[in-house]
Amino acid sequence: MTVIKHREQRVAVLIDVQNMYHSARNLYGKRVNFKEVLKTAVAGRKLVRAIGYVIKTESGEESAFFEALAKIGIEPKFKDLQIFAGGMKKADWDVGLTIDAVRLGHSVDALVLITGDGDFVPLVEYLKGMHGTQVEVMAFGRSASGKLKDEADEFIDLGESAKFLLELPKKNIK
């Protein structure tokens, strides 16, 4: 399907940061170039809001990363990493991202979901059906849900261009 993008469209960008981080690392041994991802998502349109859903750990070692997101125009929304008895860890923003998408869906022309998580298929269906919102999805095609790709008005495979990936920082070897 051909998606029309023009500079007067109002667009919101919602980024499942953990999903993108782990996909880039596991598939390519690299990290995501969020600046380039945001630029491509906006595509010269009027950005209403860009939100990155992130998980904070107890160590706080990711604070520089969160600052970098904010510096490029992505508002980080934080959730603490949950650690359960027995050591199981949970870090999930699906409900929070969904609520924000529903809230924003009526006030934008296009909503860009940056995730490959198939759990968002009902959200895409809802936004398109109830609001008539154009829903675009950006993710790494090799790990993205096929149903999510099919349901979106447009799917951009981040794995098809090196501009969306950055090298991992070199560790100091002693």
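The values are calculated or read from the model by the stated rules, or taken from the named source; none is laboratory data. Bear in mind that the values here come from a model prediction, so they are computed numbers and not experimental data. Cβ placement follows ideal geometry from the backbone for every residue including glycine, while neighbour counts extend to all protein chains displayed.
Within the stretch 28-73, being out of contact with any helix residue (DSSP H, G or I) (no Cβ under 6 Å at 6 or more places or on another chain) and in a loop (DSSP other than H, G, I, E, B) holds for G29, A43, G44, R45, T57, E58, S59, G60, E61, E62, G73. Suppose the filter is aliphatic (A, V, I, L, M), within 19 Å of V54 (Cα to Cα) and in contact with a helix residue (DSSP H, G or I) (Cβ under 8 Å, 6 or more places away or on another chain); does L113 pass it? It is true that L113 is aliphatic (A, V, I, L, M), within 19 Å of V54 (Cα to Cα) and in contact with a helix residue (DSSP H, G or I) (Cβ under 8 Å, 6 or more places away or on another chain).
Against the numbered list (1) out of contact with any Lys or Arg (no Cβ under 6 Å at 6 or more places or on another chain); (2) at pLDDT below 95, I83 comes up short only at (1). Considering only residues that are touching a residue at least 24 places away in the same chain (Cβ under 8 Å) and in a loop (DSSP other than H, G, I, E, B), look in the stretch 112-140 and name the one that is farthest from R45 (Cα to Cα). Among them, the one singled out is D117.
Please indicate, with yes or no, whether at least one residue in the stretch 35-51 is within 17 Å of L166 (Cα to Cα), surrounded by 15 or more Cβ atoms within 10 Å (Cβ to Cβ), basic (K, R) and at pLDDT 95 or above. Yes - at least one qualifying residue is present in the stretch 35-51. Taken over the stretch 128-143, the criterion of being over 15 Å from D94 (Cβ atoms) and either in contact with a His (Cβ under 8 Å, 6 or more places away or on another chain) or of a type outside the set (D, E, K, R) (or both) is satisfied by G129, M130, H131, G132, T133, Q134, V135, M138, F140, G141, S143.
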